[in-house]
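The values are calculated or read from the model by the stated rules, or taken from the named source; none is laboratory data. Quick caveat: nothing in here was measured; it's all calculated off a predicted structure. Cβ atoms come from the backbone with ideal geometry, glycine included; neighbour counts cover every protein chain shown.
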Amino acid sequence: MNTILLQVVNPNVNVTSILPEVIVAVAGTLVMIYDCFAPKQKIVTGAISLVGLILATIALFALWSGSYDFANAWNGMVAFDNLRVSFTLVMLFVSAMTILISTVWTEREDVPIGEYHSLLLFATVGMMFMASGNDMVILFLGLETLSLSTYVMAGLRKSDLKSNESALKYFILGSFASAFLLYGMALIYGATASTNITEIAAKIGTANFPALLLAGGAMLLIGFGFKIATVPFHVWTPDVYEGAPTPVTAFMAAGPKAAGFASFLRVFVLGFPVVAGATATNYLHGSWVSALALMAMLTMIVGNVAAILQNNVKRMLAYSSIAHAGYALVGFVGAGVAKTSEARDGAINAVAFYLLTYAVTNLGAFAVVTLLGEKNDRRTEFEDYNGIGFKAPVLSFTLSLFMLSFLGLPLTAGFIGKILVFGPAIQSGEPLLTVMVVVAVICTAISAYYYLRLIVVMFFKERLTEWTEPKIPITLATVLIITVIGVFGLGLFSDRVLSIFKTSPTATKAQLK
């Protein structure tokens, strides 16, 4: 009789290691249950959502500062490192600000508010797992949780044809991107016999089928390229961002982009390293670095040039989002060619900080656009902003500040963010990366046209129709205060934020031994 040997794997279930994700998921469930019994109670569901996000942030800091050993939690499928913490903080901030911005929109639109808040929280859970996942299975589950939620959120305005078109395009193209990602993960598994990113990095030098690594890496590049909206996988972005409700657009432009970068960085920078003596593996590393450098340059050029041609503010900000993905890719490539682990971690922290500065600026800008857009986003053309500069000084001056931060004016968050992501590329000494930084600087100069155009329209164009300044609700005023402070605070005191990102927990130290 043949004997079958079964290997027993201890999953090492450790709920504490995923406590922030659990808190947000429980908050989303509570919102759904409460909405079943008391629908349209936006204050209560919004309060539950905010409390859940705040508790998750507290739990994240508590785990980060504590002496916990999560090196083998969930059989190594969940990471607890600087990358997870820095990107998770960005995601929690984006979700909290989105809830506050949405209060204006939900008051004038007939949308299921409880459903919206629960979808937003579950999307946040998906984003958090994309940052914490150290296994491709976890990354894919997080991605699908995020994607399914945002597909529905983009089409919440059921009576609006643009919103329906936005959701349908996002769903169809997002499904294709997910298929590329899943197939790429399957090929990587075929080459290394593992889906764990740490094990893949250890086995990649002795992969059984190096050709599968190249094919799988190319598939993953396409899938992640769609999620972060890089050229040539950006075609969905303008239509989806324009058609989706403005608060949802603000969320999609900042949160899922940060989550995509977190997974992208973990798989490529940490999972596909340079291995001494492994020619095929190093060819894979050189290939993805060169491909990403080319994609970064194309993304910056196309995003900025196309933004100049737009007459709709939301479409302009959509192409601006594409351009900023290109800037973040500069730091990404810098992390990929880093010679030491310290330089690599510094570049990853720079990308996280850049996405934080972009999120702060982007959410502030979309908060103003949401208030001025009126019902169904009817007032989002550039001409709708003619002459409002001195009629609504608070809104116009804050929006101008956000445009200048996008541009990268000194003393603002955008300036420091660009300096940090350009630094690792320049310090690498690689000619291709130097060219990439030169292109980035030229594209930054090009972006001055459309960012300053909005300021000129507000302050120097004459308005031909009557216009009344809208009242600023308390929630939106809170968002504007936080984002304005953030723009100046991150611009002047960036070292303090970076010090939080650089602090290594005990778990990380144990994991690196």
Just checking, how many residues over the range 410-469 are in contact with a Lys or Arg (Cβ under 8 Å, 6 or more places away or on another chain) and β-branched (Val, Ile, Thr)? 1
Out of GLY46, GLY52, I need the residue that is closer than 21 Å to MET130 by Cβ, among the small types (Gly, Ala, Ser) and under 25 Å from the mean Cα position of the chain (by Cα). Which one? GLY52
Can THR150 be described as under 25 Å from VAL15 (Cβ atoms), among the hydroxyl-bearing types (Ser, Thr, Tyr) and either touching a Lys or Arg at 6+ places or on another chain (Cβ under 6 Å) or at pLDDT 90 or above (or both)? no
Filter the range 195-239 down to residues that are at pLDDT below 85 and among the charged types (D, E, K, R), then give me how many there are. 1
Got at least one residue in the range 322-339 being surrounded by fewer than 24 Cβ atoms within 10 Å (Cβ to Cβ) and part of a helix (DSSP H, G or I)? no
The range 410-429 - residue that is aliphatic (A, V, I, L, M) and more than 22 Å from the chain's Cα centre (by Cα) and, of those, nearest to GLY364 (Cα to Cα): LEU411
For residues that are β-branched (Val, Ile, Thr) and surrounded by fewer than 23 Cβ atoms within 10 Å (Cβ to Cβ), tally how many sit in the range 340-356. 1
In the range 477-513, how many residues are among the polar types (S, T, N, Q), surrounded by 20 or more Cβ atoms within 10 Å (Cβ to Cβ) and either touching a His at 6+ places or on another chain (Cβ under 8 Å) or at pLDDT 85 or above (or both)? 1
I need the full set of residues from the range 154-171 which are part of a helix (DSSP H, G or I), buried (at least 23 other Cβ atoms within 10 Å of the Cβ) and not small (Gly, Ala, Ser), in order please. TYR170
Selection status of VAL457, at pLDDT 85 or above, surrounded by 15 or more Cβ atoms within 10 Å (Cβ to Cβ) and touching a helix residue (DSSP H, G or I) at 6+ places or on another chain (Cβ under 7 Å): yes
Which condition number in (1) in a loop (DSSP other than H, G, I, E, B); (2) of a type outside the set (D, E, K, R); (3) free of Cβ contacts under 8 Å to residues at least 60 places away in the same chain is the one that VAL231 fails? (3)
For ARG379, all conditions in the list (1) within 30 Å of LYS158 (Cα to Cα); (2) assigned to a helix (DSSP H, G or I) hold save one; what is the number of the exception? (2)
In the range 184-201, residue surrounded by the fewest Cβ atoms within 10 Å (Cβ to Cβ) [restricted to those that are closer than 15 Å to ASN134 by Cα and not hydroxyl-bearing (Ser, Thr, Tyr)]: GLU199
Is the range 384-393 home to any residue that is assigned to a helix (DSSP H, G or I) and either out of contact with any helix residue (DSSP H, G or I) (no Cβ under 9 Å at 6 or more places or on another chain) or within 17 Å of ILE485 (Cα to Cα) (or both)? yes
In the range 358-391, which residue that is buried (at least 21 other Cβ atoms within 10 Å of the Cβ) and over 16 Å from LYS314 (Cα atoms) is nearest to the chain's Cα centre (by Cα)? VAL360
Picking from VAL137, VAL125, which residue would you name as being crowded, with 18+ Cβ neighbours inside 10 Å and either hydrophobic (A, V, I, L, M, F, W, C) or in a helix (DSSP H, G or I) (or both)? VAL125
Can you tell me which of (1) farther than 27 Å from ASN312 by Cα; (2) surrounded by fewer than 17 Cβ atoms within 10 Å (Cβ to Cβ); (3) among the aliphatic types (A, V, I, L, M) is the one VAL235 doesn't meet? (1)
List every residue pair whose Cβ atoms lie under 7 Å apart, where the two residues are 6 or more positions apart in sequence or sit on different chains, the first residue falls within the range 426-441 and is farther than 10 Å from ALA293 by Cα, and the second residue, located anywhere, is surrounded by 15 or more Cβ atoms within 10 Å (Cβ to Cβ) and of a type in the set (D, E, K, R). none
Of all residues in the range 1-28 being within 22 Å of PHE61 (Cα to Cα) and surrounded by fewer than 13 Cβ atoms within 10 Å (Cβ to Cβ), the one that is modelled with the lowest pLDDT: VAL13
Residue list for the range 294-319, filter: among the polar types (S, T, N, Q) and buried (at least 24 other Cβ atoms within 10 Å of the Cβ): THR299, ASN304
Look at ALA276 and say whether it is among the aliphatic types (A, V, I, L, M), modelled with pLDDT under 90 and over 30 Å from GLU109 (Cβ atoms). yes
